[in-house]
1. Which Cα, out of Val431, Gly9, Gly188, lies furthest along the positive dipole direction of the chain (beta carbon charges, K/R +1, D/E -1)?
2. First check a/c for the stretch 1-121, with a ≥ b ≥ c the square roots of the eigenvalues of its C-alpha gyration tensor; if it is under 1.5, answer rounded, and if not, answer prolate when a/b is larger than b/c or oblate otherwise.
3. Which is farthest toward the positive dipole end of the stretch 1-152 among Ala49, Ala69, Ser92, measuring Cα position about the Cα centre, with Cβ charges +1 (Lys, Arg) and -1 (Asp, Glu)?
4. Between the alpha-carbon centers of the stretch 366-425 and the stretch 68-100, tell me the distance in whole angstrom.
5. Let me spell out the model: positive unit charges on the Cβ of Lys and Arg, negative unit charges on the Cβ of Asp and Glu, origin at the Cα centre of the chain. What dipole size does that give, in debye rounded to 20?
6. Which of the GluC sites (Glu not before Pro) found in the stretch 367-459 are loop residues per DSSP with 12 or fewer other Cβ atoms within 10 Å of their Cβ?
7. Once the dipole of the stretch 249-423 is set up with Lys and Arg at +1 and Asp and Glu at -1 on Cβ about the Cα centre, which of Ser352, Ser395, Pro339 lies farthest towards its positive end?
8. As a check on your grasp of the helix formula, calculate [θ] at 222 nm for the chain: sum -39500 (n - 2.57) over DSSP H runs of n ≥ 4, divide by the residue count, round to the nearest 500.
Amino acid sequence: MIRVENLVGGEFVTPDEFFDDISPLDNSVIAKIPRTKNVDDAVNAAKAALPIWSGLTIEERCVWLDKIANALELQIEEVARLESLDTGKPYSVALDVDANRSVNNFRFFAEFGRSLKSETFEMADATNYVIRKPIGVVGLISPWNLPLYLLSWKIAPALLMGNTVIAKPSEITPLTAHFLGRICTDIGLPDGVLNIVNGYGPEVGQAIVEHPEIKAISFTGGTATGKIVAATAAPMFKKLSLELGGKNSSIVLQDADLDIAVPGVLRASFLNSGQICLCGSRVLVHSSIYDEFMAKYLHELQDFEIGPVISEEHRSKVMSYIELAKQEGGEVLAGGCIPDKAGAWIDATVISGLSHTSRTATEEIFGPVVTVHSFETEQEAIEMANCTQYGLAGSVWSKSRGRQVAEKIESGMVWVNTWLHRDLRVPFGGVKDSGVGREGGLWSIGFFSEAVNICVMED
Ligand code: TXE
């Protein structure tokens, strides 16, 4: 039994109360998680560490990020094992997507930090130059679907820019954040630079967002929680980055190469059991190739390995949408059932026959459930893709018209003939109810620093 502890000021500490961490693989209790309600000690530790950490040069902080990346990489199999145990995802996915990309996040921001150029703006009689100061203590709140990957995506740039951190992993999946804390103390990261607190969102998460000494919040999670975070943080004028839900479309045009499109759309549909905000849970296919596409898609689905969803509670939510789909007139082409075994398993589910404006086709399900729809014209496909309240991502599959269609999708990110192909320099984030702000590359640098202009008059 793993005992998760908070990391505060370089010490592992626990409050009196604990709750269970349950593996969705078989519902067994795998860890005890501290139920923290107050973040004062963590904030004090982070404040005390600020002068030392912000006093380092950016090159020195890059060295620290590389050290974290190297130490994490040495234990990459353990990271993947813990992530697989905690989330239920297949080990291969935990290794490829979660563990590797977590290492890459630290390595990328170390390299990126070294490549930052000074920003100057010459006038006829003066020179402006920009310095980037740390914000101070920042709060980083992450969800359960890609636990360490999404948390390290925030921790790395926050540390790079000289901030000290209060990180809160999801209460459903705290194991890899705890492991990262161990690694950081093992390599001697200065005390208080990275603090990790565990507990329920409405308790310790809310305490982070409310704390007056925490100057910025980077949050990834559900849209409903994002609204609460925004309502709490906005009157305090905190910097806020919100990466929220999605209901993304994979658009397969008439001239798509089906040898690429079918496996690509399938991966976008069901990777991580559909529990990635970037997943394509609405598949829009041109009517002329609909039958051929669907035959191949359903055939290849039979060999696609997925894990359980995150919890039985979440499975109930997902199953309720499958019931709703039937009421809305949908036909279940594959899946729709709960396999006969312990854990939060659910078959990969494909539903046709629904209006693209139905609730099933427009609300975020966040599970292995996809609706398929056919369209006649590009314009119709674009309108179908844009009809939801979300605007996070999407993909277009075509030999010739991908870019033209992609540019008309109201989303922060659109892939053409690929999906989840990530360059960490590009902006990441959504429009509409999918969030506010962008992270990645220069956007993360901008978010995790205060840009100050100094204007020097020439003699
Ligand atoms: O997320 P929450 P939940 C979607 C998905 C899912 C739904 C709800 O549709 O079904 O959101 O999932 C912390 N102040 N996504 O309930 O609650 C919480 O402890 C501060 C999409 O699990 O948003 C956790 O660390 N923090 C998403 C984090 O917020 C609070 C990924 C996210 O949890 C808080 C996950 C509060 N008041 C779910 N309440 C994506 N964008 O990828 C909770 N938290």
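1. Gly9
2. On the way: a/c = 2.95, a/b = 1.34, b/c = 2.20.
Cα axes put the stretch 1-121 in the oblate bin.
3. Ala49
4. Measuring centre to centre over Cα atoms gives 29 Å.
5. Values: 39 positive and 59 negative charges, 100 e Å.
Computed about the Cα centre, the dipole is about 480 debye.
6. Numbers: sites: Glu376, Glu378, Glu380, Glu383, Glu407, Glu410, Glu439, Glu450, Glu458; in loops: Glu376, Glu407, Glu410, Glu458.
Those satisfying the criteria are Glu376, Glu407, Glu458.
7. Among Ser352, Ser395, Pro339, the one farthest towards the positive end of the dipole of the stretch 249-423 is Ser395.
8. Values: 15 runs with 168 residues, N = 459.
Computed ellipticity for the chain at 222 nm equals -11000 deg cm²/dmol.
The values are calculated or read from the model by the stated rules, or taken from the named source; none is laboratory data. Since we're looking at a predicted model, the values are computed, not measured. Note that we place each Cβ from the backbone using ideal geometry, even for glycine, and neighbour counts take in every protein chain shown. Ligands, DNA and RNA are stripped out before the accessible areas are found, and what is left, the full protein with its side chains, is counted by its heavy atoms. Shrake-Rupley method; radii C 1.70, N 1.55, O 1.52, S 1.80 Å.
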